[in-house]
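Novice: Below are the structure tokens for one structure; questions will follow.
None of the figures in this text is laboratory data; all of them are computed from the coordinates on show. These numbers come from a predicted model, not from an experiment. Note: ideal-geometry Cβ built from the backbone for every residue, glycine included; neighbour counts use all protein chains shown.
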């Protein structure tokens, strides 16, 4: 007891904070082992007892924050794994609990009254609208923004509104370095005083120079004229410039200089002068890997270590996660907005052999309650693919079925099933060995819980 009291005196922590931490740890234990979930509620308990607890439990960590619309969870996982491979002690919110209370829960889960965290890293994913709450208590070494796309319009509004929410958080930490996606036109010419450097593509993926009518940031943020492009990677990302006022993409410090091979399971590229294999498919995962490479390089980690880690990167929590359901090879891909969904369709388009698909659409708060965005997804591109069966589920399964029917998919191949038990049995009894599961956030969470209860997933969180 005397050692405990002495330790508390040394770290100068109040009784209120001690109670907050202990209450949250008890709640964490109960939610993990009894309720099998609830990664944010323990943080809410802690904050109720001490609203500044984050400042205390995050003390001495070297913090890197990852925010943006798409790719936060995967990029955070990539960065964390690179730092671990380099020998650093790392904590991270690996399940994507990225709201303020979820981040508090992550730090408390890793907190010890008797351990000094000096030199340890916290690689933390942060919801765009919650960044300002985190930077109220933490000054990170780096903040990175992956991209901005229309997403959950009922929560965020348009992309310019989302950018303003993020900048509210950045304004509180003017000494934090920003590492930004230079191919996103929204991130140039920022008014904040922070040091900023950029990553992006110097190699075109295709010959497309015309921005899609449904793309997000099509007009110059300086003079409002339409952008033109030397090349487009996807949506509004690429080597943009404004022919009217001269605003253009910033100089890139880290960049994809060549694309060697794109397959349904991986991508081989050159970043600066280093050959890299990204162990997940899709251009969006190249961006995620490039972001992780940029941050690790800025922190002094050797290119060989980064390349070795990215090549061995496991899929994380519903982000191209591979699951064996009896004899079926299932890949779960989280989809939540048109830009990300179209990238998932790009992955499906790399297949030549027959496969099936499961489309799961929910409209809960975490998914976005306005589902009109599905009409901006390019489902029509699926018509030319060797899709055998089209499974459809989720709370808005009939809306999804109508969208897919309108896109021209064969209605005779549709299997519409809301019950997870029946759905899983129909998947097991289907004729193809491979199935892609494209699910919105809560649909992914709920179906993973069902698969966990059946023993198909070993680790729920």
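Novice: Please state the shape class of the chain: rounded when a/c is under 1.5, otherwise prolate if a/b exceeds b/c and oblate if not, all from the C-alpha gyration tensor.
Specialist: oblate
Novice: Just rank 106, 349, fewest to most, by other beta-carbon atoms within 10 angstrom.
Specialist: Placing the least packed residue first, the sequence is 349, 106.
Novice: I would also like to ask the following. Given a Förster radius of 25 Å and the C-beta distance between residue 351 and residue 426 as r, what FRET efficiency does 1/(1 + (r/R0)^6) yield to the nearest 0.05?
Specialist: E between residue 351 and residue 426, to the nearest 0.05, is 0.75.
Novice: A further question on this structure: So if R0 is 41 Å, what FRET efficiency would residue 113 and residue 191 give, r being the distance between their Cβ atoms, rounded to the nearest 0.05?
Specialist: That gives a FRET efficiency of 0.45.
Novice: Another one. Grab the beta carbon distance between residue 452 and residue 228, set R0 = 45 Å, and tell me the FRET efficiency rounded to 0.05.
Specialist: Efficiency for this residue pair is about 0.40.
Novice: Also, I was wondering about something else. With n ≥ 4 as the cut-off for DSSP H runs, can you work out [θ] at 222 nm for the chain, using -39500 (n - 2.57) per run divided by the number of residues, rounded to the nearest 500?
Specialist: Computed ellipticity for the chain at 222 nm equals -10000 deg cm²/dmol.
Novice: Grab the eigenvalues of the alpha-carbon gyration tensor for segment 338-436, scale each by 5, take roots, and send me the semi-axes largest first in whole angstrom.
Specialist: Output for segment 338-436: semi-axes of 20, 18, 12 Å.
Novice: What does the extension gain come out to for residue 303 and residue 60, with contour length at 0.36 nm per residue minus their alpha carbon separation?
Specialist: 84.8 nm
Novice: Using the alpha carbon gyration tensor of segment 56-311, what are the three equivalent-ellipsoid semi-axes (square root of 5 times each eigenvalue), largest first, in whole Å?
Specialist: Semi-axis lengths for segment 56-311 are 29, 22, 15 Å.
Novice: Please figure out what share of the DSSP beta bridges in the chain is antiparallel and state it in percent, rounded to the nearest 5.
Specialist: Roughly 35 percent of the beta bridges in the chain run antiparallel, per DSSP.
Novice: Given 0.36 nm per residue, what is the gain on full extension from residue 29 to residue 326 after removing their alpha carbon distance, in nm?
Specialist: Contour length minus Cα-Cα distance gives 103.8 nm.
Novice: Another question, then. Want the number for residue 218 to residue 380: 0.36 nm per residue separation, take away the alpha-carbon distance, what's left?
Specialist: Contour length minus Cα-Cα distance gives 56.0 nm.
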